[in-house]
1. When a/c reaches 1.5 or more, the comparison of a/b and b/c decides; with that in mind, is the range 57-116 rounded, prolate or oblate per its Cα gyration tensor?
2. Could you please rank GLU160, GLU69, GLU79, placing first whichever residue has the fewest other Cβ atoms within 10 Å of its Cβ?
3. Please list, ordered by chain and number, the residues whose modelled amide H lies under 5 Å from the amide H of MET143; skip anything fewer than 5 residues away on the same chain.
4. Which FRET efficiency value, to the nearest 0.05, is calculated for ASP154 and ASP40 with the Förster distance at 25 angstrom and r the Cβ-Cβ distance?
5. Hey, what do the phi angles of the range 61-77 turn into as Karplus ³J(HN,Hα) couplings, whole Hz, using 6.51/-1.76/1.60 and θ = phi - 60°, x for Gly and Pro?
Amino acid sequence: MTRDRDPAGRPRNARPRDGLGRPLDRADAPGSGADRIPDDLVITGTEAAVLADRLLRDGRPFHAHEVLEAAWKSGPATERDLWQGLAQIAVGLTHARRGNARGAIALLSRGADRVRGYQGGDGSRGGDGSQRAAGRPASPFGMNVAVFVAAADDLAARIERDGLDGIPPADLSPGLLAGGVG
């Protein structure tokens with residue numbers, strides 16, 4: 001069986017997936033599984049923030065990850081760490097929802113570390129004393145990065161300390177936008 005490929009020859013995964021991104025059998029009826037984010041999605045930062053926020057709040061972090069990944073692939077290099085880190089946090093939330101504590105801790109922590117430079121409005125980078133890159137807004141694209149990173153850090157620490165069993169589902173659906181709109 002040949003693999004589906006895009007016009008540039010990169011492999012695509014056309015296989016249906018469930019709400020947490022797990023592949024379903026190809027034999028399942030057409031249209032089964034969750035809606036997919038197109039592999040070739042080109043999206044602005046603002047559009048990505050709004051859509052990822054909605055998907056995260058709806059408990060669909062795998063799909064939010066796909067949107068955030070599209071933003072990093074189509075956005076400027078200066079935003080790469082922001083989008084990659086946010087995508088890693090979304091994957092960490094996916095691992096938590098799938099019951100993989102170790103993967104959740106690793107990806108939540110890695111993503112938070114990558115995004116940390118985009119939080120705060122005083123020009124400082126969180127915790128390590130180095131300066132944020134000039135021109136980075138405190139809330140890029142309307143996102144409340146500081147709150148989102150704090151939620152990822154807190155969740156990783158709680159999972160490491162207590163495991164996944166006591167984590168309320170709402171804690172696995174953090175909002176990304178400032179002001180709680182989405």
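None of the figures in this text is laboratory data; all of them are computed from the coordinates on show. What you see is a predicted model; the values in this text were computed from it and never measured. For neighbour counting, all protein chains shown are included, and Cβ atoms are generated from backbone atoms with ideal geometry for every residue, glycine included.
1. Here the range 57-116 falls in the oblate category.
2. Ascending Cβ contact count within 10 Å gives the list GLU160, GLU79, GLU69.
3. Amide H neighbours of MET143: ALA178.
4. 0.10
5. These are the phi-based 3J(HN,Hα) values: x, 4, 5, 4, 4, 5, 5, 5, 5, 5, 5, 6, 6, 9, x, x, 4 Hz.
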